[in-house]
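The values are calculated or read from the model by the stated rules, or taken from the named source; none is laboratory data. Bear in mind the structure is a predicted one, so any value in this text is a computation, not a measurement. Cβ sites come from the backbone with ideal geometry, for glycine too, and all protein chains shown count toward neighbours. Just so you know, the surface numbers come from the protein's heavy atoms only, side chains and all, with ligands and any DNA or RNA stripped out. Shrake-Rupley method; radii C 1.70, N 1.55, O 1.52, S 1.80 Å.
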Amino acid sequence: MTTSFPPGFRWGVATSAFQIEGATTEDGRGPSIWDTFAAVPGTVAGGDTGEPAAEHYHRWPQDLALLTGLGVDAYRFSVSWPRVQPAGRGRVERRGLDFYRRLVEGLREKGIEPFLTLYHWDLPQALEDEGGWRSRDTAHRFADYAALVHAELGDLVDHWTTLNEPYPCAVAGYGEGRHAPGAKEGHGALAAAHHLLLGHGLAVQAMRGQAAPGHRFGVVLNQSPAVPVTESAADKAAAARQDTLLRRQFTDPLFGGRYAPGLTAMFGAASDFSFRHDGDLATIGVPLDYLGVNYYYRLHVADAPPREPDPARRTAADIGVDTTRLPDVPRTGMGWPVEPEGLTEALVALHNGYPDLPPVYVTENGCVYPDRSDFADYERISFLSDHLAAVRDALNAGVDLRGYFAWSLLDNFEWAHGYKHRFGLVHVDYTTQRRTPRASYRWYRDFVAAQR
Ligand code: FCB
C-alpha cells in the first residue's frame, strides 16, 4: 500500500466559462442556451443568470494570482463557444479568442498547465434554434469549432477536452428539462446523447489532423455508481437501468466499441434509434489520450413505476427508478450523500470494465457547505481529504490515475441552483466581487506542496 501519489501526478482546480465569466453581452459574444434558459422565470433559483458570475472575464489576472498562490500544476477551464463563434457557425469573434489567448499565456508564464474544455454546456442559442444537440448537424458544427480553437491556441495548450459531462447535457437538458435548453423529451434526449458523442469523435479527428506532437485529447464524464437499495432482483435491475442511462450509454461506445446493451430495450418501441448511422461507432470510439472523471455522489436506486404510464410520452429520465432513498450518511449542504468510497468504486469499475481505457484524471470533485463568517470550511477540508484518500485507494487498486482537480477555484453560477450554492476554495462576494480564500484554499495549497 502506498500513501503517496506517483511522481508527475498533476494537481489542479477546475472552473467553467458560463459559471464564472459574466460579461455575457460583451465583445460580440452571442447568446447561449443558458442565457435563454436562465431568462425564463422559474428555471434558475432566485432568478439568477450568468450575470455577474465572478466577472472572471475582466478579473482573470486576479484569478491567475489565486491559482499561482495555490501552487497548482494545472488549471482546467472551458472556452465559451458563443464567445468565439457567436452563431455557432461561420464568423469568428477575434475578441473572444484573444481573451483565451491572454489567459493561457498568463498560465504558461506562471508554469501552470492549461487543460482546456471545449464544451461545458453553453451551446450557442442559434444552433439550438436549429435543433441543438437533437440535430446531427450540431456534431459537425462542434467539430468545426473545435478545429478553429485548436488551430488558434494549439501553440499554448496541450490538453484538449471535447465535452464536459454529456449525460446532464442530454438527460437534464433534453429529458428532465432541469437544465438548458429545458426540454422534456424521450427521443430528443437520446438523440442528443448520441450527437454529443458523435461531435466528440468528429472533433478529436479534426484536431488530431492538425495537431502538434504532445497534444493530448480526451473527454470528461460524470460518474455516479448506482447502488441498489436492496438485494431484490427488481432493485438490482433498476440500478442496472440507471447505470446504463448515466454511464454505459457513454462509456460503452467510447471505450467498448459497442452501444450499451439494454439501452434500446429500456425505451423499446417508444424510441427510434435511427439517429445511429453506420460508421458512427468507429468515430465515437476514436482512441483517446485521457479520460476525465467528475465525481460527486453515488445514486441509491430502487425500482419504481415510471412516472408517465404511456411509453410513447415518457421522458428519457423516466426509466422506472427512484433515487430519493438515501442511506444514513452525512450530506453536503446540497443534500448530496458524502461517500468517498464511491469515487474509488467508479474508477475501479472503469478500469475493470474497459481494457482499453486511457489514463484517467479526476477532473472535478468538491462540495457545498454553509459558510461561517470567517470562511473556516472544515467540512470541505475533510470532504477533500477523504476523497483524496479514495483516489489513493484507486491507485493502489491499479487504476492509471494521472491527476486530480478540485471543483472549484471560485464560487460560481451553480446552474439551476444559481448563486445559492458555493463550491469555491475561494469565496466570492457577488456585490463587491471581492475574493476571500477559504481555509480549504490554504489546506489544499499545503497538501499540494507536501506532495512535491
Ligand atoms: C458538475 C458540473 C460543474 C459543476 C459541478 C458541481 O456536474 O460539471 O459545472 O456544476 O457539477
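Of note:
- In terms of packing, defined here as the mean over residues of other Cβ atoms within 10 angstrom, the peptides 391-399, 119-127 line up highest first as 119-127, 391-399.
- Rolling a 1.4 Å probe over the protein heavy atoms of the chain, with every protein chain left in place, gives an accessible area that is 51 percent carbon and sulfur.
- When only the Cβ of Lys, Arg, Asp and Glu is charged (+1, +1, -1, -1), the dipole of the chain relative to its Cα centre reaches about 460 debye.
- Rounded accessible area of ARG208 (nearest 10 Å², 1.4 Å probe): 90 Å²
- Neighbourhood net charge (12 Å Cβ-Cβ; Lys/Arg +1, Asp/Glu -1) for ASP155: -1
- Sorting 105-113, 18-26, 43-51, 172-180 by average packing, meaning the other beta carbons within 10 Å per residue, from highest down gives 172-180, 18-26, 43-51, 105-113.
- Overall form of region 10-450 per C-alpha gyration tensor (a/c, 1.5; a/b vs b/c): rounded
- Candidate cross-link partners of LYS184 among the lysines, defined by an alpha-carbon separation under 30 Å and a same-chain spacing of 8 or more, comprise LYS236, LYS420.
- Here the simple spin-label model places points 7 Å from the Cα toward Cβ, and for ASP374 and ASP27 these points are separated by 3.9 nm.
- Note that region 390-404 has calculated 3J(HN,Hα) couplings of 5, 5, 5, 4, 5, 4, 5, 7, x, 6, 7, 9, 10, x, 9 Hz, one per residue in order, obtained from phi through the Karplus relation 6.51 cos²θ - 1.76 cosθ + 1.60 (θ = phi - 60°); glycine and proline are x.
- Within region 300-422: Cβ-based charge dipole about Cα centre, in debye rounded to nearest 20 (Lys, Arg +1; Asp, Glu -1): 220 debye
- Separation of the ALA87 and ARG208 label points, Cα + 7 Å toward Cβ, nm: 3.2 nm
- Backbone amide hydrogens, once placed in the peptide plane, bring ARG10 within less than 5 Å of GLY403, TYR404, excluding anything fewer than 5 places away on its chain.
- Listed peptides 77-84, 429-436, 10-17, 363-370 by packing density, highest first (mean Cβ within 10 Å): 77-84, 10-17, 363-370, 429-436
- Summarising the strand pairing of region 10-450, around 15 percent of its internal DSSP beta bridges are antiparallel.
- Cα shape, region 103-166, gyration tensor, a/c 1.5 rule: prolate
- Amide H contacts of GLY366: TRP407, each under 5 Å away and 5 or more positions distant or on a separate chain (H built 1.01 Å from N in the peptide plane; Pro and chain starts excluded).
- Calculated accessible area for region 10-450 comes out at 35 Å² per residue, all protein chains present (probe 1.4 Å; ligands, DNA, RNA ignored).
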